[in-house]
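Read the structure below first, then the notes.
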Amino acid sequence: MYDLTAMRVEIDEHIALVTFDKPPVNAQNFTFQEEVKACFDQLSVDDAVRAVVLTGAGRVFSAGTDLHRTAPVTRDDLRSARESFHAIVECRKPVIGALNGPALGSGLTVAASCDLLIASQTASLGLPEIDVGLMGGGRHAQRLFSHSLLRRMALTGYRVPAPELYRLGIVEACVEPDALIPTAMDLAREIASKSPLAVQLFKRTLNTIEYMSLRDGYRYEQEMTLDIRNTQDAEEAMRAFVEKRKPVFTGR
């Protein structure tokens, strides 16, 4: 089902662990980006999956664009990169980015496309494009960073270390490297224990209202509340609350 060369997918207990595995630094090229798209499109419709943890093999989450490529960058390459990021954003299942090391350039863009972030103490986020004759990642980084800090990163190449990411509230936890995946998996299990319909609808709603006005965004949420209230999972959640028991969700 997941026939990939640049990443691995392991599914257990409704959680997919996706690991970038393109040595030495998980650099991104056309093939890598096409696999990200294919992987997350498939995860989106895989009923066995309720949450996703995304991490990198080795010491780097992703060093960004593969600078060792010999062919010139084409508009097809740019389109592929753009769509690979949106495949993560638009995945119906919540994606937890487990940053095992630096996420730079388009690696930062991948991180900013996730729903939640956990960082190893060895992780960092940066936009090094200014030093290699490139641009990109700034718009996605605006989802994470303040005006001044983002410009410092873009104009100087400054990398924000994991403890600072935690202090700023950009990551949910900053942990020892050995604790990274267990911490991310615990969070994924908590999400997977909820109604899959409610989780997917809430993620879609949050994506939709992100750039809406307060009035329009809340109105949209109210409409989605009406939709979710008519599901069997919502009825089960109400019954379980009244009966003081753990709900059993069927995804209907």
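What follows is calculated from the coordinates using simple rules that are stated; it is not laboratory data. Treat the numbers as computed from the prediction; the structure is a model and nothing was measured. Positions of Cβ are backbone-derived with ideal geometry, glycine not excepted, and every protein chain shown enters the neighbour counts.
Mind counting the residues in region 144-162 that are surrounded by 14 or more Cβ atoms within 10 Å (Cβ to Cβ) and within 20 Å of the chain's Cα centre (by Cα)?
So the answer is 7.
Restricting attention to region 153-163, does a residue exist that is of a type outside the set (F, W, Y) and closer than 21 Å to V95 by Cα?
yes
Could you tell me whether any residue of region 210-218 is under 24 Å from V45 (Cα atoms) and either exposed (fewer than 12 other Cβ atoms within 10 Å of the Cβ) or free of Cβ contacts under 8 Å to residues at least 60 places away in the same chain (or both)?
yes
Among the residues of region 134-192, which ones are β-branched (V, I, T) and farther than 20 Å from D115 by Cβ?
Matches in region 134-192: T156 only.
Can we say I181 is under 23 Å from R59 (Cα atoms) and part of a loop (DSSP other than H, G, I, E, B)?
It is false that I181 is under 23 Å from R59 (Cα atoms) and part of a loop (DSSP other than H, G, I, E, B).
Being touching a Lys or Arg at 6+ places or on another chain (Cβ under 8 Å) and closer than 20 Å to P23 by Cα is the requirement here; does G64 meet it?
No, not satisfied.
Does E176 satisfy the condition of being in contact (Cβ under 8 Å) with a residue 12 or more places away in the chain and of a type in the set (D, E)?
yes
Would you list the strands (runs of 3 or more DSSP E) that sit entirely within region 1-93 and hold 1 or more residues that are within 13 Å of the chain's Cα centre (by Cα)?
15-20, 51-56
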